[in-house]
Amino acid sequence: MNHGCVRFFSFTRWAKFLWMVLFLPGNAMAEPPGTGETAAPARLAHYMPHMSWQEVEAYRKSSDMVLIPVGSMEQHGRHLPLNSDIVQATGICLRIARRTGVLVAPAVLAGVSEHHMGFPGTITLTPATFEAVLYETSQSLIAHGFRRLIYYTGHGGNYTSVGNVAFRINRETTATAIDLMHVEFPKPDARITELKNDSHAGVEETSMMLYLAGGLVRMGEAENPVLRYPPEVNEVMEKVDAADRAALLEGMLFQPERSGKKTSTREFTSNGVVTGEDLRTSSADLGRLAVDYRVEGVVRFIQAWKKVRP
Ligand SMILES: [Zn+2]
């Protein structure tokens, strides 16, 4: 009896395995999120990691423009995957590419995320290493004839470093590098502009993930955080005018544990999420709005730049 049972279950397992191998890749993953994963089931258009060198050579004859998604590998609460910033940066760049024909380079593996290191799975590079990787990636593209580099960053911790790399490329090479983090795109909808203190793995980011890669989001695990800011941060939030507040908080918030400021995410949020909103209000519909205004802003920027030179 026992042997029979074992054989029966083994056969069932085999049948399941075969079904998955034969049928799943084509159906369930027909619209891949564009995360740069090597197991992507189909070639994505305009995506350099999926292209051959001849295709890049052919592209280079008609354009010298390239989009470089920059993300991070860091905790995003209990409900979002570690690669959320890569999914968003790459997903948005691929949508821009479909509208403009501009090539999308592979996303950089990790970013500057020391302030999330209290949560397992986070991978961080020091600013010097991260800048060297991005700079040398850019230099490789320049060696192949690219002259207009557009960085699209999905992670705030990279802000200074990506700016530094663009600064160096612009001073040291004949190429022009633009860091889109320094461009403010008009937000079209009050549902986005009115979100309160919604900065990390919050409603906007969760919504974008639901829209771009819903299969990676586990809304059942979404939990609103308890936030415990240090007294000094609370004072700044209450007492300082809006314009100065942003500058002061920039120096105080999201600092690594070794700074002693008690504002690494492990120290001030109960689960890694930073939002004053209710995560349950996240939706793919809101995510589409949040993705679309970013895509629209970059598409307009690229079209203007193409008027100067196609
Ligand atoms: Zn993120």
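The values are calculated or read from the model by the stated rules, or taken from the named source; none is laboratory data. Computed from a prediction, not measured in an experiment: that's the story for all the values here. Every residue, glycine among them, receives a Cβ derived from its backbone with ideal geometry; neighbour counts consider all protein chains shown.
Give the residue that is nearest to residue 130 (Cα to Cα), with candidates limited to residues of segment 53-98 that are surrounded by 24 or more Cβ atoms within 10 Å (Cβ to Cβ) and of a type in the set (S, T, N, Q). By that ranking, first place goes to 72. Among the residues making up segment 253-302, those that are of a type in the set (Phe, Trp, Tyr) and either touching a Leu at 6+ places or on another chain (Cβ under 8 Å) or crowded, with 18+ Cβ neighbours inside 10 Å (or both) are 254, 268, 301. Quick check: is even one residue across segment 231-248 over 29 Å from residue 166 (Cα atoms), touching a residue at least 60 places away in the same chain (Cβ under 8 Å) and either within 16 Å of the ligand (Cβ to nearest atom) or among the hydrophobic types (A, V, I, L, M, F, W, C) (or both)? Looking for residues that are over 29 Å from residue 166 (Cα atoms), touching a residue at least 60 places away in the same chain (Cβ under 8 Å) and either within 16 Å of the ligand (Cβ to nearest atom) or among the hydrophobic types (A, V, I, L, M, F, W, C) (or both), one finds none in segment 231-248, hence no.
Candidates are the residues of segment 117-130 that are more than 17 Å from the chain's Cα centre (by Cα) and outside any loop (DSSP other than H, G, I, E, B); the one that is surrounded by the fewest Cβ atoms within 10 Å (Cβ to Cβ) is 128.
Say we look at segment 52-71 and pick out the residues that are at pLDDT 95 or above and assigned to a loop (DSSP other than H, G, I, E, B); which of these is nearest to residue 154 (Cα to Cα)? The extreme case among them is 64. The requirement of being assigned to a helix (DSSP H, G or I), under 24 Å from residue 287 (Cβ atoms) and modelled with pLDDT of 95 or more is not satisfied by residue 133. Starting from segment 58-79, keep only residues that are over 28 Å from residue 302 (Cα atoms), then list their pairs with residues that are assigned to a loop (DSSP other than H, G, I, E, B) and within 10 Å of the ligand (Cβ to nearest atom) whose Cβ atoms are within a distance under 6 Å, requiring at least 6 positions of separation or different chains. Cβ pairs passing all conditions: 74/113; 76/201; 77/201.
For segment 159-214, the set of residues classified as among the basic types (Lys, Arg) and touching a residue at least 24 places away in the same chain (Cβ under 8 Å) consists of 168, 187, 191, 196, listed by residue number. Please work out if residue 146 is of a type in the set (Phe, Trp, Tyr), part of a helix (DSSP H, G or I) and either over 23 Å from the mean Cα position of the chain (by Cα) or more than 16 Å from the ligand (Cβ to nearest atom) (or both). Here the answer is no, as residue 146 does not meet what is asked. Within segment 61-91, if we keep just the residues that are of a type in the set (A, V, I, L, M, F, W, C) and out of contact with any Gly (no Cβ under 7 Å at 6 or more places or on another chain), the residue that is farthest from residue 306 (Cα to Cα) turns out to be 80. Residue count for segment 293-310 satisfying the condition of being part of a helix (DSSP H, G or I) and in contact (Cβ under 8 Å) with a residue 60 or more places away in the chain: 12.
Evaluate segment 178-193: report whether one residue or more is within 30 Å of residue 133 (Cα to Cα), of a type in the set (D, E, K, R) and in contact with a strand residue (DSSP E or B) (Cβ under 7 Å, 6 or more places away or on another chain). Yes, segment 178-193 contains a residue that is within 30 Å of residue 133 (Cα to Cα), of a type in the set (D, E, K, R) and in contact with a strand residue (DSSP E or B) (Cβ under 7 Å, 6 or more places away or on another chain). Residues that are within 16 Å of the ligand (Cβ to nearest atom), part of a helix (DSSP H, G or I) and of a type outside the set (Val, Ile, Thr) do not occur anywhere in segment 183-202. Of the residues making up segment 173-219, those that are exposed (fewer than 14 other Cβ atoms within 10 Å of the Cβ), among the polar types (S, T, N, Q) and more than 25 Å from residue 116 (Cβ to Cβ) are 174, 193.
Annotation: of all residues in segment 84-116 being in contact (Cβ under 8 Å) with a residue 40 or more places away in the chain, part of a loop (DSSP other than H, G, I, E, B) and out of contact with any Ser or Thr (no Cβ under 6 Å at 6 or more places or on another chain), the one that is farthest from residue 46 (Cα to Cα) is 106.
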